[in-house]
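Here's the structure we're looking at; comments come further down.
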């Protein structure tokens, strides 16, 4: 007897064979949205005379839906199909980006533009959730590492497109709406990726919306109380592979005598491309070894990179070199995280489960940014990077010990 998550032989024969690269394009709108708001829109409104505080509030409006998106993720698992959710959400988010560019860039429009930014980002969270659901259901187990790598490459690379290319166009085209049309149109075209994947419906779907929500809650509880689920929950809180220091590269650039153009280079398109390359490499590695082991190895490499930068000469060339290495390690860790989570969640309420883990994984990023800032104040750039490295090494050690304990318990419980 087949389980609800198993396809029948006839279904299997009609299923499209997908290449993981399709997830780069499907998730691209989310990365582009982030870059467009945080870089391009922030630049336009700063140039129009808005204060840093006002621009920060605008950026925060875009970030808010991504913090709480797990709250509405059950809608994707309980209603419609993943393809329908994607098409609706991507259309609305593209229209939102278009509206951002059409609205005159003035301080009097700040409240309205903030509302549009929030709504567009709310819509794009459903783009991500639909993509994650398709990955969970439609990608065979042996390809989930590469799928995670391509997925995160699109996310991080899209950030560079929306920010770097968006800013480049905004500085050269006569009107902001022209940039918005190009960026929004490109994002909408990503919907073409739906032709290359299968239309999946969640197996937790019940006879009514209430029964579907009940099934979602049961599925979440089952994964959280399982050994693999608990291990991933712990992994989400550990400060390895966070990429926290990359959020401070602009703030600490003077310590390396790095120019504004250099900072723009390493934190913009080049940084995005290197991170995307790291994602692809990380996904490939995750399909060739234990994915949890790969994840802590990536965290170890990230810690060693931070340590290398800490003790390297404080020159602009070293700044470029080490931040580039660091960007690659961030890509490795992001791909590793997605691969580990996809392996743990299985199918069921895939969108909800993925987004719970994604939300939890932001915790060490936030607290490491704060710790790094405090360490820089106390001990300078060497102390900041050494502190991040020490936290990463301790997290790796803790997780290895945890893996060994769980493995030994498994072995003892299977003995006759």
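All of the numbers you see were taken from the coordinates with simple rules; none came from a lab. Just so you know, these numbers come straight off a predicted model, no measurement behind them. Quick reminder, even Gly has a Cβ in these numbers, built from the backbone with ideal geometry, and neighbours come from all protein chains shown.
If you compute Rg/Rh (Cα atoms, Kirkwood Rh) for the structure shown, which of [x] 0.95; [y] 0.98; [z] 1.07 do you land on? After the calculation, the listed value that fits is [y]. Only DSSP H runs of four or more residues enter the estimate; each adds -39500 (n - 2.57), and after division by the residues of the chain the mean residue ellipticity at 222 nm equals -25000 deg cm²/dmol.
Provide the gained length on full extension for the span residue 228 to residue 173, in nm with one decimal, where the gain is 0.36 nm per separating residue minus the Cα-Cα distance.
Result: 14.7 nm gained on full extension.
Ordering of 299-305, 226-232 by packing is 299-305, 226-232, highest average first (other Cβ atoms within 10 Å, averaged per residue). Here the relative contact order of the range 18-201, from alpha carbon pairs under 8 Å that lie six or more residues apart, stands at 47 percent. In the chain, Cα pairs under 8 Å separated by at least six residues give a relative contact order of 24 percent. Peptides 197-206, 63-72, 329-338 ranked from most to least packed give 329-338, 197-206, 63-72, packing being the mean of other C-beta atoms within 10 angstrom over each peptide's residues. Just report the Cα centroid separation between the range 271-334 and the range 60-132, whole Å. Rounded to whole Å, the Cα centres lie 30 Å apart. Could you tell me which of rounded, prolate or oblate describes the range 349-404, using a ≥ b ≥ c as the square roots of the eigenvalues of the alpha-carbon gyration tensor, with rounded for a/c under 1.5 and, failing that, prolate when a/b is larger than b/c and oblate otherwise? Taking the square roots of the gyration eigenvalues as a ≥ b ≥ c, the range 349-404 is oblate.
The packing ranking, built from the mean of other Cβ atoms within 10 Å per residue, places the peptides 383-394, 110-121 in the order 383-394, 110-121, highest first.
Could you tell me which of rounded, prolate or oblate describes the range 204-416, using a ≥ b ≥ c as the square roots of the eigenvalues of the alpha-carbon gyration tensor, with rounded for a/c under 1.5 and, failing that, prolate when a/b is larger than b/c and oblate otherwise? Since a/c reaches 1.5 and a/b is larger than b/c, the shape of the range 204-416 is classed as prolate.
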